[in-house]
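The values are calculated or read from the model by the stated rules, or taken from the named source; none is laboratory data. Worth saying up front: this structure is predicted, and the values here are computed from it rather than measured. Neighbour counts are summed over all protein chains in view; Cβ atoms, including those assigned to glycine, are modelled from backbone coordinates with ideal geometry. The area values use the complete protein model at the heavy-atom level, side chains included, leaving out ligands, DNA and RNA. Shrake-Rupley method; radii C 1.70, N 1.55, O 1.52, S 1.80 Å.
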Amino acid sequence: IDTLINIESIKFADQTLRISNNNIPTDITLSSTSFNENINSGSVVATLETTDADASDSHTYSLVSGTGDTDNSSFTIEGSNLKINAAPDYETQSSYAVRLKTTDSGGLSYEEAVTFNVNDINEVATDISLSSTSFNENIDAGSAVATLSTTDADASESHTYTLVSGTEDTDNALFTIEGSELKINSSPDYETQSSYDIRLKTTDSGG
């Protein structure tokens, strides 16, 4: 017989022979393969879907060992949602590799290795450091009294500095900033003034 007949069941006497026509899943599709740094732990980073010729079939998902499973332990799957276990930090890790498996209701499965990229988000600077918070009296006008630097998770970020209004800005007018150098405008005299209060601001290249 040269004709292929697709039958799901054949009845012989009182016995039914059932023939399965379940197809193997052929692909896993992800709603996204990137996510922002600093998202909350437990955040959904992707929704999973399966390509399967059996359109009405259901699927379960798992993280499995094999090629590309390096960061499996950093994720959890709930239903069709892939969740990250801890808040990601681009500066610590910029990509994650996982191996996913989809299994249909008949037990047939497909596996795929996936790489996720972490999006580098501009982060707010957290501190201003000064090379010194004291200087001698009688130094020349225009002398640099401190070099400024910024604590910022974005290590390659550049920063500009300004004197700004606000709490403890009393003596702002007595100083000037050039680049990262804080300079005193007039020669200081301890007997006239023994301390100065200023308010500094650092701004990164992202504003």
Any idea how far apart residue 114 and residue 94 come out in nm if each label point goes 7 Å out from Cα toward Cβ?
2.2 nm
In nanometres, the difference between 0.36 nm per residue of separation and the alpha-carbon distance of residue 132 and residue 157 is 6.7 nm
Work from the charge dipole of the chain (Cβ charges, +1 for Lys and Arg, -1 for Asp and Glu, about the Cα centre) and give the residue of 96, 70, 56 farthest towards its positive end.
56
Which FRET efficiency value, to the nearest 0.05, do you get for residue 124 and residue 186 by plugging their Cβ-Cβ distance into 1/(1 + (r/R0)^6) with R0 = 45 Å?
0.85
What is the list of residues in segment 104-132 whose amide nitrogen lies under 20 Å from a point 7 angstrom out from the Cα of residue 65, following Cα to Cβ?
109-114
Carbon/sulfur fraction of accessible area - segment 40-184, other protein chains in place, 1.4 Å, %:
43 percent
Taking only C-alpha pairs under 8 Å that are 6+ residues apart, what is the relative contact order of the chain in percent?
17 percent
With a/c under 1.5 counting as rounded, go ahead and sort the chain into rounded, prolate or oblate using the C-alpha gyration tensor (a ≥ b ≥ c being the square roots of the eigenvalues; past the cut-off, prolate if a/b is larger than b/c, else oblate).
prolate
Exposure ranking of 49, 157 by accessible area [1.4 Å probe, largest first]:
49, 157
Out of 161, 187, 175, whose Cα points farthest toward the positive end of the dipole of segment 159-207 (charges: +1 Lys, Arg; -1 Asp, Glu; placed on Cβ)?
161
Residues other than residue 69 with Cβ under 15 Å of its Cβ, Lys/Arg counted +1 and Asp/Glu -1, net out at -1
Per residue, how much accessible area does the chain show when a 1.4 Å probe rolls over the protein heavy atoms, in square angstrom?
62 Å²
